[in-house]
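A short worksheet on the structure shown next.
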Amino acid sequence: MTAAEYKAMVDTALEGYFKGDNMPQKGLMDSMRYSLLAGGKRIRPMLVLEFCRISGGDIKAALPVACGIEMLHTYSLIHDDLPCMDNDDLRRGRPTNHVVYGECTATLAGDALQAEAFGTILRSDLPADRKAACAEILADAVGFDGMCGGQYLDMLGEGKELTEQELTDINSRKTGALLTAACQMGVAAAGGSELMMAAAGHYGSAIGMAFQIRDDMLDVLSTEEQLGKPIGSDKEEHKNTYMALLGREGCEATVDKLTDFAKNILSEAFTDTEFLCGLADSMAKRYN
């Protein structure tokens, strides 16, 4: 399948969630759907489905897993934008969730999406051991040693001058952990081998780091129209970034190196890698 076909498949499935016209908590569900259906590239669910496919699995059976990780990702974006965190007013070219629905509802929408992410995976028709493995991988990627831990370390680092290693420790959790989880959840959904799981993890870790470095670059080099959110905020808030640490040329060289590694590691366990190699290239050169 192409990236556009995967995206359409995921978008159609997500459209079916959290419809509650006759429920008293409809306003909460509207808030959840506002951010969940706001667009985006659907990279994480795409990775789930493609790794499932090349591991010999059924992508239709894995679709709830793909939707689950997008729910989790959406929760993180809602909470990142809150006034107590990054206090952003724009996301994907639209007002952020708390601007539209209020801070309390936005917080609850993120909380509910996190819970429903796991529920969606565990209610799927996959064999019990496979959906349990997917849920465990996601939990590890999000908890105190994953995305939430990375966000906490990022806050601790504000106003301090961090080394490249310290910055990598933060971003491997804050950004990389969820991308790595997406790759490994695809293998788990297919019941793939340990070798496949290891290769998927290395690929996800590499593209995750490249993704974050490119993000730091875009905050300086892109426009608000291209990015769909404010630019220059990293510098204004004195955040530690790879652009500040390595400069543009250093960032570009590191992204290229990580992307090449990600593409090469796939051949250790998989034969059909064209899609994933192309995805790694496109992420390295993205403008939003």
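The values are calculated or read from the model by the stated rules, or taken from the named source; none is laboratory data. Worth saying up front: this structure is predicted, and the values here are computed from it rather than measured. Cβ: placed from backbone, ideal geometry, glycine included. Neighbour counts: every protein chain shown. SASA here: full protein model, heavy atoms, side chains in, ligands and nucleic acids out. Shrake-Rupley method; radii C 1.70, N 1.55, O 1.52, S 1.80 Å.
Table: residues versus (1) touching a Phe, Trp or Tyr at 6+ places or on another chain (Cβ under 9 Å); (2) modelled with pLDDT under 95; (3) exposed (fewer than 14 other Cβ atoms within 10 Å of the Cβ).
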residue	(1), (2), (3)
Ala8	no, no, yes
Ala13	no, no, no
Gly27	yes, no, no
Gly40	no, yes, no
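Checking Ala198, Ala190, Ala182, Ala141 one by one, the residue that is touching a Gly at 6+ places or on another chain (Cβ under 6 Å) and either open to solvent by less than 10 Å² (accessible area, probe 1.4 Å) or within 30 Å of Ala61 (Cβ to Cβ) (or both) is Ala190 and no other. Scanning segment 182-195 finds one or more residues that are in contact with a Pro (Cβ under 9 Å, 6 or more places away or on another chain) and on the phi > 0 side of the Ramachandran plot.
Against the conditions (1) on the phi < 0 side of the Ramachandran plot; (2) in contact (Cβ under 8 Å) with a residue 60 or more places away in the chain, Gly93 satisfies every one except (1). On the stretch given as segment 130-153, residues that are in contact (Cβ under 8 Å) with a residue 60 or more places away in the chain and among the charged types (D, E, K, R) total 2. Of all residues in segment 114-129, those satisfying the criterion of being open to solvent by 80 Å² or more (accessible area, probe 1.4 Å) and in a helix (DSSP H, G or I) are Leu122, Asp129.
When residues in segment 235-288 are screened for being under 29 Å from Cys52 (Cβ atoms) and not in a helix (DSSP H, G or I), 11 of them pass.
Set side by side, the residues Phe51, Phe18 differ, and just one is out of contact with any Ser or Thr (no Cβ under 8 Å at 6 or more places or on another chain), open to solvent by less than 20 Å² (accessible area, probe 1.4 Å) and either at pLDDT 95 or above or of a type in the set (D, E, K, R) (or both), which is Phe51. Annotation note: of Ala182, Ala253, the sole residue that is among the hydrophobic types (A, V, I, L, M, F, W, C), farther than 25 Å from Ala135 by Cβ and at pLDDT 95 or above is Ala253.
Based on this model, can you work out whether Thr175 counts as of a type outside the set (Asp, Glu) and at pLDDT 95 or above? No; evaluated as a whole, the condition is false for this residue.
Restrict the check to segment 260-267 and report whether at least one residue is open to solvent by 10 Å² or more (accessible area, probe 1.4 Å), at pLDDT 90 or above and β-branched (Val, Ile, Thr). Yes; the residues of segment 260-267 include at least one that is open to solvent by 10 Å² or more (accessible area, probe 1.4 Å), at pLDDT 90 or above and β-branched (Val, Ile, Thr).
The residue that is surrounded by the fewest Cβ atoms within 10 Å (Cβ to Cβ), among those in segment 249-259 that are of a type outside the set (D, E, K, R) and without any contact (Cβ under 8 Å) to a residue 12 or more places away in the chain, is Ala253.
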